[in-house]
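Reading through the structure tokens given below for one structure.
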Amino acid sequence: MFFLPSFECILECGRMPDEIRRMMELVTVQQNKKFFGSGDGEFTGTVSDSGFEIVPRLTYRNSFVPIIRGWIKTDGETSKIIIKMKMHSFTSAFCAIWFGSLFFFLIFGILMAFADGILSALPIIAQSAGMAGLGLMMVRFGFQRPAEKSLERLKELLGGKEV
């Protein structure tokens, strides 16, 4: 959905896939072990030979934290890591329903303005537009900051640059 945040990029680095996998395993707490002890990883998730699916470990609660999926492709002496970040599917579904209902009330208010006049519809229009604006800002900021920090850390960790 166009109003929900997501991010895609390609990192290019001079490391081979097995070295990338080992480095990612060093900073990732395996998902099946996250409930058994704390661990010291910067990310939680799974790492395989072909890529990874991780979530940054935060010191605070954030429902909008990005799920980072990476696929490793070898291109001669370099490797390309295709990275896609998006919110959890449950959070995305909740936001779609939330913003969809706000959009419905906004359309209802606009139609009501044509039928009864702008003064009677103004509270509905203002409330739905204000809630939608604040909600979009909350979702964007909740996603954007952890996504940017995670991308910078992955670049630093893997020695990669954006292509």
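The values are calculated or read from the model by the stated rules, or taken from the named source; none is laboratory data. Only a predicted model underlies this, so the values are computations on that prediction, with no experimental measurement involved. Here the Cβ is made from the backbone with ideal geometry for all residues, glycine too, and neighbour counts use every protein chain on show. We work out accessible area using only protein heavy atoms, side chains counted, and drop any ligands, DNA or RNA first. Shrake-Rupley method; radii C 1.70, N 1.55, O 1.52, S 1.80 Å.
Per-structure values
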{"item": "Length released on extending from Ser48 to Ile107, taking residue separation times 0.36 nm less the Cα-Cα span", "result": "16.5 nm"}
{"item": "Whole-number accessible area per residue in Å² for the range 101-163, which is evaluated in the context of all protein chains at 1.4 Å", "result": "64 Å²"}
{"item": "Ordering of 79-86, 6-13, 96-103, 112-119 by packing [mean C-beta count within 10 Å, highest first]", "result": "79-86, 6-13, 96-103, 112-119"}
{"item": "Vicinal HN-Hα couplings computed from phi for the range 12-20 (Karplus, 6.51 cos²θ - 1.76 cosθ + 1.60; Hz; Gly/Pro x)", "result": "10, 9, x, 8, 8, x, 5, 5, 4"}
{"item": "FRET efficiency, 1/(1 + (r/R0)^6) with R0 45 Å, evaluated for Lys149 and Ile118 via beta carbons", "result": "0.50"}
{"item": "Length-normalised contact order of the chain in % [C-alpha pairs under 8 Å, at least 6 apart]", "result": "28 percent"}
{"item": "The chain, accessible surface, carbon-and-sulfur percent (1.4 angstrom probe)", "result": "62 percent"}
{"item": "Between helix 118-158 and the chain: long-axis angle, C-alpha atoms, 0 to 90°, nearest 10", "result": "10 degrees"}
{"item": "Compactness of the chain, expressed as Rg and Dmax over alpha-carbon positions, Å", "result": "20.8, 69"}
{"item": "Calculated FRET value between Met138 and Arg22, using beta carbons and R₀ = 25 Å, to 0.05", "result": "0.10"}
{"item": "3J(HN,Hα) from dihedral phi, the range 62-70, Karplus parametrisation 6.51/-1.76/1.60, rounded to Hz, x for glycine, proline", "result": "8, 6, 9, 4, x, 8, 9, 10, x"}
{"item": "Potential extension, Lys84-Ala129 segment - 0.36 nm per residue separation minus Cα distance", "result": "13.2 nm"}
{"item": "Cα-centred dipole magnitude for the chain, charges only on beta-carbon of K, R (+1) and D, E (-1), debye, nearest 20", "result": "280 debye"}
